[in-house]
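**Q** Can you keep this structure in mind? I'll have questions shortly.
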Amino acid sequence: MPLPYDTIYPIQPTHPTQPMTHSFVNELEERFTRYVKIDTTSDEDSPSAPSTARQFDLLRLLADELCEMQAEDVLLTETGLLYATIPATLPDEAIPTVAYFAHVDTSPAFSGEGVRPLVHRNYDGGKIVLPDDMGQVIDPAAFPYLAEKTGEDIVTASGLTLLGADDKAGVAICMTLASHLLARGEEIRHGRVRLCFTPDEEIGRGVVNIDLDLLGADVAYTLDGGRLGEIESETFSADKFVVKIKGISAHPGYAKDVLVNALHLAAKVVEALPQADRAPETTHGREPFIHIYELNGGAAEAELRFISRGFELDDLQENETIIRQICDELQASEPRAEISLEVSNQYRNMRYWLEEDMTPVHLAAEAIRSCGIEPIEHPIRGGTDGSRLTEMGLPTPNLFAGMQNFHGPLEWVSLQDMEKAVQVCVALTELWGGRE
């Protein structure tokens, strides 16, 4: 039975389209600062789709706004995928359909509740002290890209939460793009454009329930990247490891030769990790890592969760071999315990498929150059919904959205970077409109 928020919105216009009267920066600021106030944190432990009902608070708002701007085919599904169409202004049906993606959830790594966005206008180049926690300081000496943003408008949180620019910057960019294309009508010549907003990207489930036939796109782009000009066509490949340890519980006063403490064994797993050359804090560039991000349990049972990352499949296999060896040696040292390892595939390097036809990447670079920006192409030490979409058969490079220092209280974004992202998407849409 469909849930009550499974809604197909009408296509009929509600009022005449009005031409835009404000700059991209103004619209982006208004949208972005509204969107980040809505708590959309995802939850890895939840089996539902989306993992948290609060993600619908933003998805429903976006659906209503898309209807107000007269987008077509607006559909919000019960699993939290929001689709919409910007109709073609060119009659040729052979023109490829381009889709733009952004995810509405924010990372559970840090609080997203009660976000208070602050706009630092005409940034002066100095340290930004976040007022709700004066110990939280965004220092350009530590974050050199911020030093390049003097004179721009920087948005931060207040120090107690993350900002949510990952990926509400992308959400605001896509919505501003839609507003612009729909308002300008036939002044901008392009083929059919699809928008898709996804849930649960931060926990690796963003496009699990996507219907690519319903989406109907030939090529796509995620707006989920960082600094100005970035195009990402190569990502990590990713696995998840879960180590479960079952000990033997006993009263601590009478535990001699009986108790097998699962937490002591879990500590030995952590201690055995190759921290010098396989931890996130000791690796960079194309180096793989194993990252323990959660430890739960007690003396009787414990569970450790890891993410495994590497650009090549051999990297992932080496990571798995390391963890298996640690578990096997621990099991041999304490046969009374039960130690198991679960390995699950999360996503794969999009390069494996994109390198067969780099046209989506080359056109993105052309669009970026047309906006007076030098493209930056490099592997990303992370992943996007585009990793899975590309593997599923929809080529989906990632484009910059301006976000920096995401997943923590020092997150920030430049409104001018976001404005450039909108301009690039307009140019890119027109470039695809010239192809058959």
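The values are calculated or read from the model by the stated rules, or taken from the named source; none is laboratory data. Here the structure is a predicted model, which means the values were calculated and not measured. In this analysis, Cβ positions are derived from the backbone assuming ideal geometry, glycine residues included, and neighbour counts consider all displayed protein chains. Side chains included, ligands, DNA and RNA excluded: accessible areas come from the protein's heavy atoms. Shrake-Rupley method; radii C 1.70, N 1.55, O 1.52, S 1.80 Å.
**Q** Give the carbon-plus-sulfur fraction of the accessible surface of the stretch 342-402 in %, rounded to a whole number; probe 1.4 Å, heavy atoms of protein chains only. If you can, show how the numbers build up before the last one.
**A** Numbers: 1200 of 2500 Å².
Carbon with sulfur: 48 percent of the solvent-accessible area.
**Q** Further, regarding this structure: Please check: in the Gaussian network model of the chain (C-alpha springs, under 10 Å), which one of VAL269, VAL424, VAL36 has the largest mean-square fluctuation.
**A** Judging by the Gaussian network model, the answer is VAL269.
**Q** Taking 24 Å as the cut-off for C-alpha to C-alpha distance, list the pairs among LYS240/LYS268; LYS240/LYS420; LYS168/LYS244; LYS168/LYS420 that go past it.
**A** Numbers: LYS240/LYS268 20 Å; LYS240/LYS420 35 Å; LYS168/LYS244 35 Å; LYS168/LYS420 16 Å.
Over 24 Å apart, Cα to Cα: LYS240/LYS420; LYS168/LYS244.
**Q** If the reach is capped at under 13 angstrom between alpha carbons, list the aspartates and glutamates near LYS149, excluding any in the same chain fewer than eight residues apart.
**A** List returned: ASP124, ASP139, ASP417.
**Q** While we're on this one: When only C-alpha pairs under 8 Å and at least 6 residues apart count, what is the relative contact order of the chain, in percent? Intermediate values should be presented prior to the final figure.
**A** Details: 998 pairs, mean separation 97.0, N = 436.
Across the chain, relative contact order equals 22 percent.
**Q** Through the Karplus equation 6.51 cos²θ - 1.76 cosθ + 1.60, θ set to phi - 60°, convert the phi angles of the stretch 56-67 into ³J(HN,Hα) values in whole Hz; use x for Gly and Pro.
**A** 5, 4, 7, 4, 5, 4, 4, 4, 4, 5, 5, 5
**Q** So what does HIS284 come to for accessible area, using a 1.4 Å probe and Å² rounded to 10?
**A** Estimated to the nearest 10 Å², HIS284 gives 130 Å².
**Q** Work out, step by step, the length gained on full extension between SER23 and GLU287: first 0.36 nm times the residue separation, then minus their alpha carbon distance; give nm to one decimal. Let's see the in-between values first.
**A** Working: separation 264, 0.36 × 264 = 95.04 nm, distance 4.19 nm.
Working it through step by step, the gained length comes to 90.9 nm.
**Q** Top to bottom by accessible area (1.4 Å), largest first, where do LEU389, LEU214, LEU182 land? Kindly include the intermediate steps, with their values, before the conclusion.
**A** On the way: LEU389 0, LEU214 75, LEU182 30 Å².
Largest accessible area first, the list is LEU214, LEU182, LEU389.
**Q** Return the aspartates and glutamates within reach of LYS256: Cα separation strictly under 20 angstrom, same-chain partners fewer than 8 residues apart disregarded; answer none if there are no such residues.
**A** Cross-link targets: GLU301, GLU334, GLU338.
**Q** Counting only trypsin sites (Lys or Arg not before Pro) that are in a DSSP loop and have at most 16 other C-beta atoms within 10 Å, tell me the longest site-free stretch of the chain.
**A** 337-434
**Q** Roll a 1.4 Å probe over the protein chains and send me the accessible area per residue for the stretch 330-436 in Å².
**A** In whole numbers, the stretch 330-436 has 40 Å² accessible per residue.
**Q** How long, wide and thick is the stretch 323-411, going by the Cα atoms along their three principal axes, in whole angstroms, largest first?
**A** Reported extents, whole Å, longest axis first: 66, 37, 17.
**Q** Once phi is turned into θ = phi - 60°, what whole-Hz ³J(HN,Hα) does the Karplus curve with 6.51, -1.76 and 1.60 give for every residue of the stretch 370-383, x standing for Gly and Pro?
**A** Values per residue, Gly and Pro as x: 5, 9, x, 10, 8, x, 10, 10, 7, x, 9, 7, x, x Hz.
**Q** Now, a different point. Which value, in Å³ per residue, describes the convex hull spanned by the Cα atoms of the stretch 54-195?
**A** Working: hull volume 21.3 nm³, N = 142.
Spelled out: Cα convex hull of the stretch 54-195, divided by residues, is 150 Å³.
**Q** Would you mind getting the Kirkwood hydrodynamic radius of the chain from its Cα pairs, rounded to one decimal in Å? Show your work: numbers first, answer last.
**A** Working: mean 1/r = 0.0433 Å⁻¹.
Hydrodynamic radius (Kirkwood, Cα only) of the chain equals 23.1 Å.
**Q** Between the helical axis of 313-333 and the dominant principal axis of the chain, each derived from Cα atoms, what acute angle in degrees is found, rounded to the nearest 10?
**A** Between the helix axis and the principal axis of the chain, the angle is about 20 degrees.
**Q** Before rounding to the nearest 500, sum -39500 (n - 2.57) across all DSSP H runs of length at least 4 in the chain and divide by the residue total; then give [θ] at 222 nm in deg cm²/dmol.
**A** Helix-only estimate at 222 nm: -9000 deg cm²/dmol.
**Q** Spelling out what I want: for every residue of the stretch 179-186, take phi, set θ = phi - 60°, compute 6.51 cos²θ - 1.76 cosθ + 1.60 (Karplus), and round to whole Hz; glycine and proline get x.
**A** Here the 3J(HN,Hα) series is 4, 5, 5, 6, 5, 7, x, 6 Hz.
**Q** Please work out the Cα center distance from the stretch 277-299 to the stretch 169-196, rounded to the nearest Å.
**A** A separation of 40 Å, based on Cα centres.
**Q** May I ask you to give the percent of accessible area on the stretch 185-245 that is carbon plus sulfur, with a probe radius of 1.4 Å? Could you put the intermediate results ahead of the total?
**A** Values: 680 of 1750 Å².
Result for the stretch 185-245: 39 percent of the exposed heavy-atom area is carbon or sulfur.
**Q** Let me ask another. Amide H of THR106 versus every other amide H placed in the peptide plane: which residues, excluding those fewer than 5 positions away on the same chain, fall under 5 Å?
**A** Residues meeting the amide H criterion: THR40, THR41, SER42.
**Q** Could you work out the relative contact order of the stretch 169-314? I mean the mean sequence separation of Cα pairs under 8 Å and 6+ apart, divided by the number of residues, in percent. Numbers along the way, then the final one.
**A** On the way: 165 pairs, mean separation 32.8, N = 146.
Taking the mean separation of contacting Cα pairs over the length of the stretch 169-314, I get 22 percent.
**Q** On to the next question. Using a 1.4 angstrom probe on the protein heavy atoms only, could you order MET69, MET403 from most to least accessible area? All intermediate terms of the calculation are to be shown ahead of the outcome.
**A** Numbers: MET69 30, MET403 5 Å².
Ranked list, largest accessible area first: MET69, MET403.
**Q** Among the GluC sites (Glu not before Pro) within the stretch 41-108, which fall in a DSSP loop and have no more than 15 other Cβ atoms within 10 Å of their own Cβ? Present the calculation step by step, with values, prior to reporting the outcome.
**A** Working: sites: GLU44, GLU65, GLU68, GLU72, GLU78, GLU93; in loops: GLU44, GLU78, GLU93.
Here the GluC sites (Glu not before Pro) that fit, given the DSSP loop and packing criteria, are GLU44, GLU93.
**Q** Relative to the Cα centre, what is the charge dipole magnitude of the stretch 211-320, using +1 at the beta carbon of each Lys and Arg, -1 at the beta carbon of each Asp and Glu, and rounding to the nearest 20 debye? Could the numbers behind the result be given before it?
**A** On the way: 10 positive and 21 negative charges, 176 e Å.
That gives the stretch 211-320 a dipole magnitude of about 840 debye.
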